[in-house]
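Asker: Pasting a structure here, questions to come.
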Amino acid sequence: MKTAFDEIRADEYSVAHEAAQLGMLLINKVDEHAHLILANIGYVFRDDELRRHGRVTWAECILVERILQSEKRWSRLVKWALLRILGAEELPDFLILIDRNIWEGLDAESKLALIDHELSHAWFATEDDGMTQKFHKDGSPVWAIRGHDVEDFAGVVERNGLWNEELRVMARAIINHLSASAEAVAT
């Protein structure tokens, strides 16, 4: 009798070396990611397509500790599998799981942007005030997953404009990027 585990191929999950290199580049060059020098991040390709809310998920940043806490009865198996896939002796704090088929179709700029996006989810946990960083008793940071800056629909923006501060901040970022791109082309 077949089980779900019989269907997993040995090469279905593998270390995403190129993504890991881009991650280190971003951590070392982008101030917003500098805190991640303290984090252990695993980068893994998956071959299966993952869908959420009817959309294909290109990649996701996962807080490994959360997986282990939510699936306590499976935690030993998850630990074993992650260590085996990553060829590591220590579990990562974060796992960036990337759809290999999508990755292979991206150009270099899009790959960098995808990893930049996923690293932006990897953040420090904070106290209830939202400002004070949490630490474990041993002094190591408590990690968390940070949500997106904007949660809205194009149709709502078309009908109502930039109706909240999140949208106004994103609009300024888009305008600044477009202006910088136009200036670069002009020179």
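The values are calculated or read from the model by the stated rules, or taken from the named source; none is laboratory data. This one's a predicted model, so the numbers in the text were calculated from it and none came from an experiment. With ligands, DNA and RNA removed, areas are computed over all heavy atoms of the protein, side chains included. Shrake-Rupley method; radii C 1.70, N 1.55, O 1.52, S 1.80 Å.
Asker: Compute from the Cα atoms of region 1-148 the Rg and the Dmax, the latter being the longest Cα-Cα distance, and quote both in angstrom.
Answerer: 16.0, 53
Asker: Test of understanding: what is the full-extension gain from Ala144 to Glu183, defined as 0.36 nm times their sequence separation minus their Cα-Cα distance?
Answerer: Taking 0.36 nm per residue and subtracting the Cα distance, the gain is 10.3 nm.
Asker: Sum -39500 (n - 2.57) across every DSSP H segment of at least 4 residues in the chain, then divide by the residue count to get the 222 nm mean residue ellipticity, nearest 500.
Answerer: -13000 deg cm²/dmol
Asker: I've got another one for you. Where both partners of a DSSP beta bridge lie in the chain, what percent of those bridges are antiparallel, to the nearest 5?
Answerer: Approximately 70 percent, going by the DSSP bridge assignments.
Asker: For region 38-187, with every protein chain kept in place, what is the accessible area per residue (1.4 Å probe, Å²)?
Answerer: Ligands and nucleic acids excluded, the result is 68 Å² per residue.
Asker: Using a 1.4 Å probe over the heavy atoms of the protein chains, calculate the carbon and sulfur portion of the accessible area of region 45-159 as a whole percent.
Answerer: Its accessible area is 50 percent carbon and sulfur atoms.
Asker: Would you kindly find the accessible area of Val156, with a 1.4 Å probe and non-protein molecules such as ligands, DNA and RNA excluded, rounding to the nearest 10 Å²?
Answerer: For Val156, solvent-accessible area is about 30 Å².
Asker: Mind checking which lysines have their C-alpha under 29 Å from Lys111, skipping anything on the same chain fewer than 8 residues away?
Answerer: Cα-Cα hits under 29 Å: Lys29, Lys79.
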